[in-house]
Amino acid sequence: MDIVKWNRDNPDPFRELDRIQDEINRIFDFPRVSESEGIFDRAFSPAIDVVENADNYTVRCDLPGVDQKDLQVSVEGDVLTIKGEKKYEKKEKDKDARYYRNELWEGSFQRTLSLPAGVDANKVDAELKDGVLTITLPKKEEHKPRQIAVKSV
């Protein structure tokens with residue numbers, strides 16, 4: 001077997017193996033990697049975004065169908081925890097229905113996030129609107145960026 005110099009224009013053989021694996025996973029509807037990230041997170045947990053700006057961090061969590069009374073947000077130490085339950089009310093007419101595909105999830109969930117240093121845990125605010133939970137985590141004053149005036153000598 002001859003050694004061939006790597007050429008970026010040649011297709012990557014491992015990429016083709018990944019494509020085949022993805023096809024097999026789609027056929028059997030089996031995820032290749034775990035969908036949860038935190039130690040206490042469950043297999044079905046809602047998607048989140050974490051955004052930082054100069055004054056705070058914002059966490060957005062998709063929670064369609066979750067009622068505010070079934071939701072709990074807490075900060076303990078440097079850990080943010082979002083717990084809740086999505087309940088699916090089956091109607092009497094659906095009782096004898098035969099499902100061909102059932103992708104809507106129901107049940108309890110939990111997401112945990114490690115908070116960066118400098119979050120003011122006493123001023124955390126959470127709001128649920130149109131199925132999106134928005135959590136605002138203000139930064140402490142000493143952790144906010146400051147403009148330094150440059151003096152001419």
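Some points to look at:
- Segment 103-119: number of residues that are open to solvent by less than 30 Å² (accessible area, probe 1.4 Å) and free of Cβ contacts under 8 Å to residues at least 40 places away in the same chain: 1
- Residue 146 being under 21 Å from residue 46 (Cβ atoms), open to solvent by 100 Å² or more (accessible area, probe 1.4 Å) and out of contact with any Cys (no Cβ under 7 Å at 6 or more places or on another chain): no
- Unique residue being modelled with pLDDT of 90 or more, under 30 Å from residue 28 (Cβ atoms), exposed (fewer than 14 other Cβ atoms within 10 Å of the Cβ) and of a type outside the set (A, V, I, L, M) when the list is 49, 125, 130: 49
- Some residue of segment 79-86 being open to solvent by 50 Å² or more (accessible area, probe 1.4 Å), modelled with pLDDT of 85 or more and more than 21 Å from residue 144 (Cα to Cα): yes
- Hits in segment 58-78 (condition: closer than 21 Å to residue 139 by Cα, modelled with pLDDT of 85 or more, open to solvent by 30 Å² or more (accessible area, probe 1.4 Å) and not charged (D, E, K, R)): 73, 74, 75
The values are calculated or read from the model by the stated rules, or taken from the named source; none is laboratory data. Keep in mind that what you see is a predicted model, and the values were worked out from it rather than measured. No Cβ is skipped: glycine too gets one built from the backbone with ideal geometry, and neighbour counts run over all protein chains shown. Only protein heavy atoms, including side chains, enter the accessible area calculation; ligands, DNA and RNA are left aside. Shrake-Rupley method; radii C 1.70, N 1.55, O 1.52, S 1.80 Å.
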